[in-house]
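Q: Here it is, the structure in full.
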Amino acid sequence: MLQKILIANRGEIAVRIIRACAEMGIISVAVYSEADRHALHVKKADEAHSLGDDPLAGYLNPHKLVNLALETGCDAIHPGYGFLSENAQFAEICARRGIQFIGPDADTIRRMGDKTEARALMQSARVPVVPGSEGNLKDVDEALALAGKIGYPVMLKATSGGGGRGIRRCNDEAELKRNYERVVSEATKAFGSAKVFLEKCIVNPRHIEVQILADRHGNAIHLFERDCSIQRRNQKLIEIAPSPQLSEEQRRTVCELAVKATRAAGYENAGTVEFLLDAEGHFYFMEMNTRIQVEHTITESITGVDIVEEQIRIASGLPLRYSQDQVQKRGFAVQFRINAEDPRNEFLPSFGRITRYYAPGGPGVRTDTAIYTGYDIPPYYDSMIAKLIVWGLTFEDAIARSLRALDDMDISGIKTTRPYYRQILNHPDFHAARFDTSFVEAHPELSRYSEKRSKSHIATALAAAIAAHAGL
C-alpha cells in the first residue's frame, strides 16, 4: 500500500483526497500558492508546502510537483481533476522519477486525450461513435465538404479538448466558416494544439456517462451511470445517478459499452466513459475522461463504493475488491455544483469573502467543500466552491430532500447558484425526468427569481439586534 501521497490540486477535491488518505492511514501532503495560504486543504493535510506567489504556475508545473514529492518522501501523487490530471507529460515524469501517478499511464492519457485517436479506437472495438471526420481536419474547406455530406448542424471540436472548452456548434455553412478559426485559436490557447475535428451534432441529446474501475490484473467493472444533461454552455450544473430517464435495458447497454471501451483502451484506475443519447434511443461514444470526475460523489452515494480509496488501492497494485455482480445500486443521488456566480446576472462570477457559511445536514445529505466563514474566495480559479450531494430512495424523495437541503444551506457574502437550482427542481419537466442538454437554454425564465433571505440569516440578524438592544 502507498504510504505518503502528494495531492497536486486544491480546493474541495484536495480535501476529499486528504480524507480518504486519513481513513487509509496514508500521510497526505498538500501544496498551495500564496492565494491559497489559508485554504482548507492546507489546514487539513498532514503537511503543506508552498508553490510560490503565482496563483497558477505552481499547480501547472509538473517538474516542480514531482521534485517536491521526492523531497518530502512521497511515493505517489494524486492529481485530482483539472490542472494536470489529464496531462500525459506529468504521468510520464512521475514514472521516470519513481513516483506512482494515481491514474492511468501516460500512453493511455495521451491516446484517450486525442479525441480523433479515441474515436478510431472505439470504432475498432465496435463502440458506436457520432458520424464525423476520420481524423483531424486539414482546413476549413475539408470541414465544409464533410459537413455538406453528413448534414448540418455539426460540431467543431478541439482534438485535445476537454471540460466543455474548444467546442462550437455550426448550424450552416456561414457559421462553420466563421467558427473554424475561432475553434483553432481556442484549441491552441487552451490545449497547446491547433488540431480540430468535426462531428454530426446530435440535437438536444441526453448526456450519459458511466463510471468505471479497472486494475492491472485484467479486472474491469462499471459502477452504473450518471445523467449530466442539466448543463449550461457545455458545463455541468446538476448530475443524477442513476439516470431517471433510462430503462433497465438502456442502462445495461450503456454500461456494457463503457466496460468494452475500458478494455479496448487497456485502461487502469478510475475513469469515466461519456455518451450522448439521441431521441431515437441510440448511444454514441463522446469521450473518455482519464481521471476522477467532479460528480463521482453521486456514484459513491448509490453504490457505497469509495472511488478515491479504490483509486489508491489500484495504484498500489491491488486487485479490485468487487466483481461486477457484487456492485449494486440503491436509490437516487443528485449533485449540485454550487458556483460563485450570479444566475440573475448572466452567471457573472462573484468572488469575495464568505461572511457566513452553514452546511446542510440530515439523512442522505453530504457537502464537499473547502470554504468556511471568513474565507476569501480568490478570483484565479474555477467558480465552483462547493458540491451538495443528496440521496433519496426514489427520484421524488431525492428532489424533496434536495429542496430542503438547498434551503438549509447558507452562503452569505457572495452570490451563488444555490437559489437557481431550486427553480430547476420545481420545474414539472425535471420532476417528470423529461430533460436534455437544451433544458437550461430553453428555460431562461428560471434565472429570473426573487432571492429570499434564508431562515438562518434572519435568525442571525434577530440575534444581533437583540444583543445590541441588551447592550451585550
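Q: Looking for something in contact with a strand residue (DSSP E or B) (Cβ under 6 Å, 6 or more places away or on another chain) and surrounded by fewer than 20 Cβ atoms within 10 Å (Cβ to Cβ) - is there at least one such residue anywhere in the stretch 309-319?
A: Looking for residues that are in contact with a strand residue (DSSP E or B) (Cβ under 6 Å, 6 or more places away or on another chain) and surrounded by fewer than 20 Cβ atoms within 10 Å (Cβ to Cβ), one finds none in the stretch 309-319, hence no.
Q: Mind checking which pairs have a first residue in the stretch 416-443 that is without any contact (Cβ under 8 Å) to a residue 24 or more places away in the chain and within 18 Å of F332 (Cα to Cα) and a second that is of a type outside the set (A, V, I, L, M) and surrounded by 16 or more Cβ atoms within 10 Å (Cβ to Cβ), Cβ under 6 Å, 6 or more apart or different chains?
A: D429/F435
Q: Looking at the stretch 114-168, which of its residues are hydroxyl-bearing (S, T, Y), within 23 Å of Q89 (Cβ to Cβ) and either without any contact (Cβ under 8 Å) to a residue 40 or more places away in the chain or touching a strand residue (DSSP E or B) at 6+ places or on another chain (Cβ under 7 Å) (or both)?
A: T116, T159
Q: Quick one: count up the residues across the stretch 240-282 that are part of a loop (DSSP other than H, G, I, E, B), of a type in the set (D, E, K, R) and under 30 Å from L318 (Cβ atoms).
A: 1
Q: If you go through the stretch 292-308, how many residues are in contact with a strand residue (DSSP E or B) (Cβ under 7 Å, 6 or more places away or on another chain) and of a type in the set (D, E, K, R)?
A: 1
Q: Please state which one of A95, A20 is among the small types (G, A, S), part of a helix (DSSP H, G or I), surrounded by fewer than 23 Cβ atoms within 10 Å (Cβ to Cβ) and over 23 Å from the mean Cα position of the chain (by Cα).
A: Every option except A95 fails the conditions.
Q: Might you check whether a residue that is touching a residue at least 40 places away in the same chain (Cβ under 8 Å) and either in the same structural domain as L320 (by TED's automatic domain parsing) or aromatic (F, W, Y) (or both) occurs anywhere in the stretch 77-86?
A: yes
Q: Can you go through A333, A279, A264 and tell me which one is in contact (Cβ under 8 Å) with a residue 60 or more places away in the chain, touching a Ser or Thr at 6+ places or on another chain (Cβ under 9 Å), of a type in the set (A, V, I, L, M, F, W, C) and surrounded by fewer than 19 Cβ atoms within 10 Å (Cβ to Cβ)?
A: A264
Q: In addition: Any residue at all in the stretch 202-224 that is touching a helix residue (DSSP H, G or I) at 6+ places or on another chain (Cβ under 7 Å) and small (G, A, S)?
A: Yes, the conditions are met somewhere in the stretch 202-224.
Q: Output the residues belonging to the stretch 16-56 that are aliphatic (A, V, I, L, M) and more than 21 Å from I385 (Cα to Cα).
A: A22, M24, I26, I27, V29, L51
Q: Could you list, in sequence order, all residues of the stretch 23-48 that are within 22 Å of the chain's Cα centre (by Cα) and buried (at least 23 other Cβ atoms within 10 Å of the Cβ)?
A: Hits for the stretch 23-48 are A30, V31, D36, A39, H41.
Q: Testing E445 on (1) among the acidic types (D, E); (2) surrounded by fewer than 18 Cβ atoms within 10 Å (Cβ to Cβ); (3) within 28 Å of H38 (Cα to Cα), one condition comes back false. Which one is that?
A: (3)
The values are calculated or read from the model by the stated rules, or taken from the named source; none is laboratory data. No experiment lies behind these values; they were computed from the predicted model shown. Because the Cβ atoms are built from the backbone with ideal geometry, glycine has one as well, and the counts that use them run over all protein chains shown.
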